[in-house]
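Engineer: What follows is a single structure, and I will ask about it in a moment.
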Amino acid sequence: MWRALFVLLPLAVLFIFALVFGAHNKVVVPVNFIVAQKEMTIASLLALFLAVGFVFGALSLSLSYWREKLKNRRLRKELNKRKH
């Protein structure tokens, strides 16, 4: 329960902050990607980079989580084998 609160509360605050920021910043800026150029508002650019960062962070975390889970399973099997 507390873990969910500590995760969801900062995300809700960040989301509200992003909504307020987006409502007050309607300036359009040119963005040069590697292969293309596009004009975006500052708020949508912030949302894009926030989403990309979230995806990279989630992938990184999930990969390390699964690696540790497999390592734990292998160690448990080895421990059970040594007990018997």
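Engineer: So what's the angle, to the nearest 10 degrees on a 0 to 90 scale, between helix 2-24 and the longest Cα principal axis of the chain?
Structural biologist: 10 degrees
Engineer: Need the list of lysines near Lys26 for cross-linking: C-alpha distance under 21 angstrom, and skip anything on the same chain fewer than eight residues off.
Structural biologist: In chain and number order, the partners are Lys38.
Engineer: Further question: Between Ala36 and Ile16, 0.36 nm times their residue separation minus their Cα-Cα distance comes to what?
Structural biologist: Between Ala36 and Ile16, full extension yields an extra 4.1 nm.
Engineer: Return the lysines within reach of Lys77: Cα separation strictly under 18 angstrom, same-chain partners fewer than 8 residues apart disregarded; answer none if there are no such residues.
Structural biologist: Once the sequence-local lysines are set aside, what remains near Lys77 is Lys69.
Engineer: Say we join alpha carbon atoms closer than 10 Å with springs in a Gaussian network model of the chain; which of Phe56, Phe33, Phe21 then has the biggest fluctuation?
Structural biologist: Phe33
Engineer: Quick check on region 37-84: take the gyration tensor over C-alpha atoms, sort the square-rooted eigenvalues as a ≥ b ≥ c, and tell me if it's rounded (a/c under 1.5), prolate or oblate.
Structural biologist: prolate
Engineer: Determine the shape class of region 2-83: with a ≥ b ≥ c the square roots of the Cα gyration tensor eigenvalues, call it rounded for a/c under 1.5, and otherwise prolate if a/b is greater than b/c, oblate otherwise.
Structural biologist: Because a/c hits 1.5 or more and a/b fails to exceed b/c, region 2-83 counts as oblate.
Engineer: Using only Cα atoms, find the angle between the long axis of helix 42-83 and the longest principal axis of the chain, and express it within 0 to 90 degrees, rounded to the nearest 10.
Structural biologist: The angle comes out near 0 degrees.
Engineer: With r defined as the distance between the Cβ atoms of Phe49 and Asn72 and R0 fixed at 41 Å, what FRET efficiency is calculated, to the nearest 0.05?
Structural biologist: In this case the efficiency is close to 0.75.
Any read-out appearing in this document is the output of simple, stated calculations on the displayed coordinates, not a laboratory observation. Note that the structure is predicted; figures quoted are calculated from it, not measured. Cβ atoms come from the backbone with ideal geometry, glycine included; neighbour counts cover every protein chain shown.
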